[in-house]
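We did not get these values from a lab; they are worked out from the coordinates using the rules stated. This structure is a prediction, so every number in the text was calculated from the model and none was measured. Positions of Cβ are generated from backbone atoms using ideal geometry, with glycine treated the same way; all protein chains shown enter the neighbour counts.
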Amino acid sequence: MADARRLFEKRRRKGNETDLTDCLQLCDRATILKKRRGVFAELGFDSNAKAESFFSKFEDLRNALAHSQDIVTNRWPGLADLAIGVERFLRACESRRPQSGRHEERVAVY
């Protein structure tokens, strides 16, 4: 979280409109969700272990892409499954997003 706060302050000093959630890394967002009891189940995961495995694979893909590594060789079936899982996860997050004007807490993952 300290890194996210530093990035947030840096962006703010430059005049960029942003909020702290925009400065979180993927692993930070997963940690926040993990600490919120029941959120993984609400987002479609059968268990915390499956959610953690999903986020680990998602982060591995993100890192491979960020560092220009080969993501294709011998990984197509896994990539397809991960893409489907990410789509489901994002749809679940969107369905939890409060409507404007409502005063509910927002899940910081989108």
Sequence-distant aspartates and glutamates (8 or more away, or on other chains) whose Cα lies within less than 17 Å of Lys10: Asp19, Asp22
Pair Ala2, Asp28: separation of 7 Å Cα→Cβ label points (nm): 1.3 nm
